[in-house]
Amino acid sequence: MGKKILAINPGSTSTKIAIFDGENQIFIKNIKHSSEELANFKSIADQYDFRKHVILEELKMNDIDISTLDAVIGRGGLIKPVPSGVFKINDLMRDHLRAGYAGEHASNLGGLIADSIASSIGLGVSYIADPVVVDELQDLARISGHPLFDNISIFHALNQKAIARQYAKDVNKKYEELNLVVAHMGGGISVGAHYQGRIIDVNQALDGAGPFSPERSGTLPMNKVIKACYSGKYTYDEMRKMITGKGGYVAYFGTNDALGIEKAAAEGDPKAKLIENAMAYQVAKEIGSASAVLKGKVDAIILTGGLAYGKPFVSQIKQYVSWIAPILEYPGEDEMRALAMNALMILNGEIEAKEYE
């Protein structure tokens, strides 16, 4: 028997959990949360007890004895900027996750729930890995155009790093030897320029930079945004939701169902086809920008996330950027395995967990 690990990954409308026995995944479940269930909570932080309860109930229903776990690891949330790696969950991190140090997001619950479950079974430590605030930006990437609004690094670090390392393994090279452009395409879309093992530039998808996505508006015309803010028609929270949560497909169609929109486009719906193609167009533009950051020296372009399953969508992107470098598709997200493998490396003594300070 190998080391048994529980990985926890809260998303905006679901919570993924997985059990690994060594490198083997032996259980996985994506627990969906209805809008009616989540409407009962004023904030994401208020969802803590609810999400923890459904996780424990799901494990119990599947006869999984949590007392046999060797490690619990959660998706990292909006804490202080940190380097890539695995971090112990300590008092300071707990405080920052509860408070939403850098913003409110479901990922903030990952470390808190992991820590609570680990403590309940007598494990002395719990972990997060490659949280969304991993910061490896080069100095040039931090300059926005106004000193009050520096660019910051918030993106899908866990999946981008995991997929980049998997590609490196697949081609028998070290991640640190490669220049890659990785496009994570899901509810949000982030495109990172990976330079020899560091993500030196990436769009800050959470707050509205880069391509629009099924749930986010991406970069918008700022003067129009300012006018909307001062129009008296919208509250602060409503404007925030326009950027993240109710932008993109949700704004155009009232749904984030990318598969349904893809189907409608294929059946000849002109609006669905136009908006889907526009999203692919914007992703391609962001890939082009990241390629420029790498000065055109790109070993591969990698498309990952749920939208990478969409053949028409992927085909559109390829039409624009296939001349830059070979394009590889790694559909879906490898975040659960990435979390577990990071924990396994800690248990095996291959790497050391970092202190959050």
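The values are calculated or read from the model by the stated rules, or taken from the named source; none is laboratory data. Keep in mind that what you see is a predicted model, and the values were worked out from it rather than measured. Reconstructed Cβ throughout: ideal geometry from the backbone, glycine too, with neighbour counts over all protein chains shown. Please note that ligands, DNA and RNA were not included when accessible areas were found on the heavy atoms of the full protein model with its side chains. Shrake-Rupley method; radii C 1.70, N 1.55, O 1.52, S 1.80 Å.
Using heavy-atom solvent-accessible surface (probe 1.4 Å) with all chains present, what is the largest-first order of GLU329, GLU352, GLU276?
From most exposed to least exposed: GLU352, GLU329, GLU276.
Please work out how much accessible surface LYS3 shows to a 1.4 Å probe, ignoring ligands, DNA and RNA, in Å² rounded to 10. Roll a 1.4 Å probe over it and LYS3 shows about 80 Å². Taking every alpha-carbon pair in the range 1-156 and binning the separations at 10 Å intervals from zero gives 10, 38, 33, 14, 4, 0 percent.
At a 1.4 Å probe, what is the % contribution of carbon and sulfur to the accessible area of the chain? Ligands and nucleic acids excluded, carbon and sulfur reach 51 percent.
Along the range 166-181 the Karplus relation, 6.51 cos²θ - 1.76 cosθ + 1.60 evaluated at θ = phi - 60°, assigns HN-Hα couplings of 5, 4, 4, 5, 5, 9, 6, 10, 8, 3, 6, 9, 10, 10, 10, 10 Hz to successive residues, with x for each Gly and Pro. Tell me the mean residue ellipticity at 222 nm calculated for the chain from its helices only (DSSP H runs of n ≥ 4, each -39500 (n - 2.57), averaged over every residue, nearest 500). -11500 deg cm²/dmol, from helical runs alone.
Heavy-atom accessible area of GLU104 with all protein chains present, probe 1.4 Å, nearest 10 Å²? Here the residue's solvent-accessible area equals roughly 100 Å². Packing, taken as the mean count of other beta carbons within 10 Å per residue, orders the peptides 15-24, 164-173 from highest to lowest as 15-24, 164-173. Sort out for me the Cα centre separation of the range 302-351 from the range 53-68, rounded to whole Å. Result: 29 Å between the Cα centres. In the full protein context, the chain carries 49 Å² of accessible surface per residue, based on a 1.4 Å probe and ignoring ligands, DNA and RNA. Beyond a 28 Å Cα-Cα separation, which of these cross-linked pairs lie in this structure: LYS42/LYS246; LYS271/LYS311; LYS16/LYS297; LYS32/LYS311; LYS161/LYS297? Cα-Cα > 28 Å for LYS16/LYS297; rest within. The overall shape of the range 199-287, judged from the alpha-carbon gyration tensor, is oblate: a/c is not under 1.5, and a/b is no greater than b/c. Annotation: SER119 carries an accessible surface of approximately 70 Å², with a 1.4 Å probe and no ligand, DNA or RNA atoms counted. The long axis of helix 48-61 is offset from the longest Cα principal axis of the chain by roughly 60 degrees.
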